[in-house]
1. Being open to solvent by 30 Å² or more (accessible area, probe 1.4 Å) and either part of a strand (DSSP E or B) or of a type in the set (S, T, Y) (or both) is the filter here, so list the residues in the stretch 57-75 that pass it.
2. Got at least one residue in the stretch 93-100 being outside any strand (DSSP E or B) and of a type in the set (K, R)?
3. Do we have any residue at all in the stretch 12-27 that's at pLDDT 90 or above and exposed (fewer than 15 other Cβ atoms within 10 Å of the Cβ)?
4. When only residues in the stretch 76-92 that are outside any loop (DSSP other than H, G, I, E, B) and touching a residue at least 40 places away in the same chain (Cβ under 8 Å) count, which is farthest from the chain's Cα centre (by Cα)?
5. Quick one: how many residues across the stretch 34-56 are assigned to a loop (DSSP other than H, G, I, E, B), among the charged types (D, E, K, R) and either open to solvent by less than 70 Å² (accessible area, probe 1.4 Å) or in contact with a His (Cβ under 6 Å, 6 or more places away or on another chain) (or both)?
Amino acid sequence: MKIVQKIATGLFVASLFAVAGCASTSTKEGTGQYVDDSVLTTKVKASIFNEPSLKSTEINVETFKGVVQLSGFVANPADIAKAGVIARGVPGVVSVKNDIRTK
């Protein structure tokens, strides 16, 4: 019976280490946060794509812990602000870093 308890304790400790390995830090996302950010990136890209005046193929979107970073090039300076407004309007976006430039 003691062997069973030792095995159970060992499995429990191993599972704690596995869960701790998935935790996020200030510079690294956890598994759940990565999935959330991927979904958020997709939603922002879809919102930008649905805006006919923006060329979504020239706008890159990256997300880290809810902070969306926009980069790329647009033809019109007003499109820079428009892309930022669209990104901020997506639910779940904490903030937006807009690094889009005009051609």
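The values are calculated or read from the model by the stated rules, or taken from the named source; none is laboratory data. Small disclaimer: the values here were computed from a predicted structure and weren't measured. Virtual Cβ from ideal backbone geometry, glycine too; neighbours counted across all protein chains shown. Quick note on the areas: whole protein, heavy atoms, side chains included, nothing else; ligands and nucleic acids left out. Shrake-Rupley method; radii C 1.70, N 1.55, O 1.52, S 1.80 Å.
1. Of everything in the stretch 57-75, those that are open to solvent by 30 Å² or more (accessible area, probe 1.4 Å) and either part of a strand (DSSP E or B) or of a type in the set (S, T, Y) (or both) turn out to be T57, N60, E62, F64, V67, Q69, S71, F73.
2. Kept after step one, since they are outside any strand (DSSP E or B), are these residues of the stretch 93-100: 93-94.
When the remaining residues are screened for being of a type in the set (K, R), the result is none.
No, the stretch 93-100 contains no residue that is outside any strand (DSSP E or B) and of a type in the set (K, R).
3. From the stretch 12-27, those at pLDDT 90 or above are none; that's our starting set.
No, the conditions are met nowhere in the stretch 12-27.
4. Applying the filter and picking the extreme gives I86.
5. Looking only at the stretch 34-56, we keep the residues that are assigned to a loop (DSSP other than H, G, I, E, B), and these are 50-55.
Those left that are additionally among the charged types (D, E, K, R): 51, 55.
Within this subset, residues satisfying the condition of being either open to solvent by less than 70 Å² (accessible area, probe 1.4 Å) or in contact with a His (Cβ under 6 Å, 6 or more places away or on another chain) (or both) are 51.
Qualifying residue count for the region: 1.
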